[in-house]
Amino acid sequence: METDEAMQAIMQIQMQTGFMYGDLTSAQKDLLTQEEQRMLVLHNTIGLVDSLNEVENKSGATIQGMIQALNQYASAATLVNTSMDEQIALGATLIEQGEQSSKAGRGIKQMLARLASDRSQNNALLAEYGLSLKHS
């Protein structure tokens, strides 16, 4: 993957998840100096790339495949309180089993969208078992 292509892919994931600033609100972000913001973005971006690289090194999933899948379901996964590492693991699991990254991404997106929509009050049932799908 060329540098420009990788940068565009990371920015697409950022737009869907906001991973670069973590759980900071806009007000909290505004309180940071430019250098603190730069360091936070650098730390979180390197963390994402390291996680993707580790998956590629230990599985049959490639970084390109993972990014293609992530770009299809990352926003839905973020809605249901799923960390970036968990999102990467979801895609890697299906890709490693031979699923095409685009099909894996669409399948995960459908599953997560159903969880986020709270059909049949599934969130209340899962909460009884200590699982929270949405940030409070």
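Quick check: from the Cα gyration tensor, does region 23-91 come out rounded (a/c under 1.5), prolate or oblate? Mind dumping the intermediate values first?
Values: a/c = 3.11, a/b = 1.69, b/c = 1.84.
Oblate, because a/c is 1.5 or more while a/b does not exceed b/c.
Please identify every one of the GluC sites (Glu not before Pro) in region 1-93 that sits in a loop by DSSP and has no more than 12 other beta carbons within 10 Å of its own beta carbon.
GLU2
For region 56-136, calculate the relative contact order in percent as a whole number, restricting contacts to Cα pairs under 8 Å that are 6 or more residues apart.
Details: 84 pairs, mean separation 29.7, N = 81.
Relative contact order comes out at 37 percent.
Charges on Cβ only, +1 for Lys and Arg, -1 for Asp and Glu, centred on the Cα centroid of region 4-130; of LEU32, GLY65, MET20, which one is farthest towards the dipole's positive end?
Positive-end residue among those listed: GLY65.
Which FRET efficiency, nearest 0.05, do LEU42 and MET15 yield, Cβ-Cβ r, R0 25 Å?
Working: r = 18 Å, r/R0 = 0.72.
For R0 = 25 Å, the calculated efficiency reads 0.90.
For the chain, what does the accessible surface come to per residue with a 1.4 Å probe? Please give it in Å².
Working: 8650 Å² over 136 residues.
I get 64 Å² per residue for this part.
If the chain between MET1 and ASN122 were fully stretched, how many nm would it gain, using 0.36 nm times the residue separation less the Cα-Cα distance? Walk me through the numbers before you get to the answer.
Details: separation 121, 0.36 × 121 = 43.56 nm, distance 3.99 nm.
Working it through step by step, the gained length comes to 39.6 nm.
Explain nothing, just the number: relative contact order of the chain, from Cα pairs under 8 Å at least 6 residues apart, as a whole percent. Don't skip to the answer; put the middle values down first.
Working: 127 pairs, mean separation 31.1, N = 136.
23 percent.
At 0.36 nm per residue, and after removing the present C-alpha to C-alpha distance, how many nm does the segment from LEU31 to VAL49 gain when stretched out fully? The partial results should precede the final answer.
Values: separation 18, 0.36 × 18 = 6.48 nm, distance 2.66 nm.
Going from the current span to full extension adds 3.8 nm.
Is there a quick way to get the dipole size of the chain? I mean about its Cα centre, with the Cβ of Lys and Arg at +1 and of Asp and Glu at -1; what is the value in debye to the nearest 20? Let's see the in-between values first.
On the way: 9 positive and 16 negative charges, 121 e Å.
Computed about the Cα centre, the dipole is about 580 debye.
Specify, per residue and in Å³, the volume enclosed by the convex hull of the alpha carbon atoms belonging to region 42-135. Let's see the in-between values first.
On the way: hull volume 9.8 nm³, N = 94.
Hull volume over Cα atoms, normalised by residue count, gives 104 Å³.
How many percent of the accessible area of the chain is carbon or sulfur, using a 1.4 Å probe?
Of the solvent-accessible surface of the chain, carbon and sulfur hold 53 percent.
Can you give the helix-only mean residue ellipticity at 222 nm for the chain, where every DSSP H stretch with n ≥ 4 adds -39500 (n - 2.57) and the sum goes over all residues, rounded to the nearest 500 deg cm²/dmol? Please list the in-between numbers first.
Numbers: 7 runs with 100 residues, N = 136.
Theoretical 222 nm ellipticity from helices: -24000 deg cm²/dmol.
The values are calculated or read from the model by the stated rules, or taken from the named source; none is laboratory data. Only a predicted model underlies this, so the values are computations on that prediction, with no experimental measurement involved. Cβ sites come from the backbone with ideal geometry, for glycine too, and all protein chains shown count toward neighbours. Quick note on the areas: whole protein, heavy atoms, side chains included, nothing else; ligands and nucleic acids left out. Shrake-Rupley method; radii C 1.70, N 1.55, O 1.52, S 1.80 Å.
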